[in-house]
Amino acid sequence: MSRLHALLMRLADGIAIATIGAITVLVCWDVIARNLGRGNLPWILELTEYALPLATLMAAPWLMWRGQHVRLDVLEMVLSERARARLERVAAAAGLAVSAVLCWYGVVALLDSKRSGAVMLKALVFPEWWLYAPVPIGFALLVLECGRRLLAPSTPAEASP
Amino acid sequence: MSWWQALLLLFGALTVLMMVGLPVAFAFLAINLAGALIWFGGEAGLVQVVRNSVASVTNFSLTPIPFFILMGEVLFHTGLAMKTIDSFDRAIRGVPGRLAVVTIVAGTVFSAISGSTVATTALLGSLLLPQMLKRGYHPRMAMGPIMAIGGVDMLIPPSALTVLLGSLAGISISGLLIAGVVPGIAMALMFLAYIVVQAVRHPQLAPAFDSEEVHGWARWGPLLVNVTPLVLIFALVIVAMSAGWATPTESAALGALATVIVCVLYRSLTWKALLDALAGTTAIACLILFIIVGATTFSQILSFSGATNGMVALVQGAALPGWAVLGGMIVILLILGCFVDQVSMMLITLPFFMPLVQHFAWDPLWYGVIYLICMQLGLLTPPFGMLLFTMRSVAPKSIPTQEIYAAVMPYVTMGLGAIVVVLAWPGIATWLPGVLLKR
């Protein structure tokens, strides 16, 4: 089970890394081609924009798994070990609740958009709901990770990068 | 609910959630959900939160962030950054406090190629701190310059946080990136002068030591070979942006590509190094972007609840002189900087500050540079400055945390001095963008 969990987290991060790598290559290619008079591809600019939410939502569960999200540890510094573990569970429960609600409403936003037949009409033409697809996936993975933290606050992932 | 009740509720709940250790982005998201139910019309508001979250980072002005971070990560993972520092170490000889001077000079050049303050501090800390301590440098003399120059990284382009400030505050990103150059270099020079004076007045803080004698090519060659390409990459990014060949995003991507090409030419690029650099970039960039996913809707809720307008109207109605309002903003930023991260700082304060900047008709670039220096100080001020934690992670356990705090204080004081200087002489911030961008 924990192996599958780790695999899912790594897979999501892999998608994020590939996305960042791809936009780097595409933007470089676009600017060089344009300055060499080979014309430019307007869809690259647009694709770069769409890549950011995809990468962000795919990397978020991995960052949570690795304990890398920015957080204040004001209380952690003064609390006992036991109180700290309890507080970690409270934070994990809150994270789980937030992620579950956003996952659910991510699905609602996606279905709303699909039903309305909304289309993105710029250089690239595609159904608008594609943009919302990473939301339920990213937050579903965050639900899994927050759930794992709720059950076992000590994280093997943080200990062994 | 009146605007001030809304303001208290929103910030009160945000503070509590952050204090219990919920990641900053999740604290914002939790408040958004509650705020959407109250001010965005119930369930429809929750769907709107999802739409806003996607829209907040679907933004071309944010795309330089990963590219600027990638530049530093590539140099770090390929080992080229270490060669750069070693080159300065060979070239800079016979100066009081030599290794601390090497730290500042190498840090300034590395800042001009790295978009991440933490990466710069970690690199300098892991390489130069052990050397300085071994040579009998006082821990304060060894650690202070490393943290201080790491903070200056934020001012000297490329800088991921400058891009974010420009994007969130609606200030020209290329203008703001270029505006940071002169104040950044001036601060580095100020640190250099301080170190040399301290080393002359108190030689025991930085004892001179016999090092291998190097002359001619052995001394200057590595500097020419290893540092020139980095300076050229910096020039490429700045020139591409200011000459209008490329947008800030494209300049950043070109900078990243040029860094990769340089590493290939130096035969230091491996697939593993490239993948590690990409993974590191994704982690740092997405960390920042995920906070934006949470906090953009927070700004909208502040606005919908009437809190933003109420607060701004209160300040405007008080008919305070501009300098008092600006002074108040700086104090708020400095206090916030002690406790919260830079991205949250921007997202919490900009909705209130930017309407006031327009009201007083301040030059946005001048204001942006002052804001950047305040954020830079936030990286250094105890107890939660990010670079203090970075230093803690690379410093030997035997050095108490209080010593790290003490080491950084002279540089924080100089940073405050820099704010006063930029306030008094706005040209320090606005001259270079004026020349290069023909503003």
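The values are calculated or read from the model by the stated rules, or taken from the named source; none is laboratory data. Just so it is clear, the model here is predicted, and its values are computed rather than measured. All Cβ positions, glycine included, derive from the backbone under ideal geometry; neighbour counts span all protein chains shown. Calculation scope for accessible area: heavy atoms of the full protein, side chains included, ligands and nucleic acids excluded. Shrake-Rupley method; radii C 1.70, N 1.55, O 1.52, S 1.80 Å.
Which whole-number percentage describes the relative contact order of segment A:55-145, with Cα contacts under 8 Å and a sequence gap of 6 or more?
Numbers: 73 pairs, mean separation 38.1, N = 91.
Contact order relative to length: 42 percent.
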In whole percent, how big is the carbon plus sulfur part of the accessible area of segment B:146-204, probe 1.4 Å, protein atoms only?
-> 69
Please identify the trypsin sites (Lys or Arg not before Pro) of segment B:200-279 that satisfy two criteria: DSSP loop assignment and at most 13 other Cβ atoms within 10 Å. Which are they?
-> B:ARG267
Aspartates and glutamates whose Cα lies under 15 Å from that of B:LYS272, excluding same-chain neighbours fewer than 8 positions away | B:GLU73
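Would you list the membrane-span-like helices of chain B, meaning whole DSSP H runs whose alpha-carbon atoms span at least 27 Å along their axis and whose mean Kyte-Doolittle value is at least -1.0?
Values: long enough: B:181-201 (30 Å, 1.91); B:271-304 (49 Å, 1.59); B:401-424 (35 Å, 1.47).
TM-like helix candidates: B:181-201, B:271-304, B:401-424.
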Segment B:125-200: relative contact order from alpha carbon pairs under 8 Å, six or more residues apart, as a whole percent, is 26
Simple Cβ-charge dipole of chain A, Lys/Arg +1 and Asp/Glu -1, about Cα centre, in debye nearest 20 = 260
How much accessible area per residue does segment B:126-203 have, in Å², with a 1.4 Å probe?
-> 29
Expressed as a whole number, the average count of other chain Cβ atoms within 10 Å around the Cβ atoms of B:40-52 is 4
For A:MET120, enumerate residues with amide H under 5 Å from its amide H, sequence gap 5+ or separate chain, H modeled in the peptide plane.
-> A:PHE126, A:GLU128
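How would the protein assembly as shown be classified by its alpha-carbon gyration tensor: rounded, prolate or oblate, with rounded meaning a/c under 1.5 and the a/b versus b/c comparison settling the rest? Kindly include the intermediate steps, with their values, before the conclusion.
Values: a/c = 1.43, a/b = 1.35, b/c = 1.06.
Verdict is rounded for the protein assembly as shown.
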Under 29 Å Cα-Cα from A:LYS114, which lysines qualify once same-chain neighbours fewer than 8 residues away are excluded?
-> A:LYS122
If you take the square roots of the eigenvalues of the alpha-carbon gyration tensor of segment B:258-372 and sort them as a ≥ b ≥ c, do you get rounded (a/c under 1.5), prolate (a/b over b/c) or oblate?
-> prolate
For segment A:32-161, shape from the Cα gyration tensor axes a ≥ b ≥ c, cut at a/c of 1.5 then a/b versus b/c, turns out oblate
What percentage of the solvent-accessible surface of chain A, computed with a 1.4 Å probe over protein heavy atoms, is contributed by carbon and sulfur atoms?
-> 68
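Take every residue in peptide B:253-262, count the Cβ atoms of other chains within 10 Å of its Cβ, and give the average of those counts. Walk me through the numbers on the way to the answer.
Values: counts 11, 5, 1, 4, 7, 1, 0, 2, 0, 0.
Averaged over the peptide's residues, the number is 3.
For the pairs B:LYS83/B:LYS397; B:LYS134/B:LYS397; B:LYS83/B:LYS134, note any where the Cα-Cα span goes beyond 25 Å. Intermediate results must be reported in sequence, preceding the final value.
Values: B:LYS83/B:LYS397 27 Å; B:LYS134/B:LYS397 15 Å; B:LYS83/B:LYS134 20 Å.
As for pairs spanning more than 25 Å Cα to Cα, those are B:LYS83/B:LYS397.
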Drop in accessible area of at least 50 Å² in the complex versus isolated chain, residues of segment B:286-301, 1.4 Å probe = B:CYS286, B:LEU287, B:PHE290
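So what is the calculated 222 nm ellipticity per residue for the protein assembly as shown, using -39500 (n - 2.57) for each DSSP H run with n of 4 or more, over all residues, to the nearest 500 deg cm²/dmol?
Values: 28 runs with 461 residues, N = 600.
Theoretical 222 nm ellipticity from helices: -25500 deg cm²/dmol.
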If you take the C-alpha gyration tensor of chain B, multiply each eigenvalue by 5 and take the square root, what semi-axes do you get, largest first, in whole Å?
-> 38, 24, 21
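Would you tell me the mean number of C-beta atoms belonging to other protein chains that fall within 10 Å of each C-beta in A:43-55, as a whole number?
5
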What is chain B's relative contact order, in percent, from Cα pairs under 8 angstrom and six or more apart in sequence?
-> 26
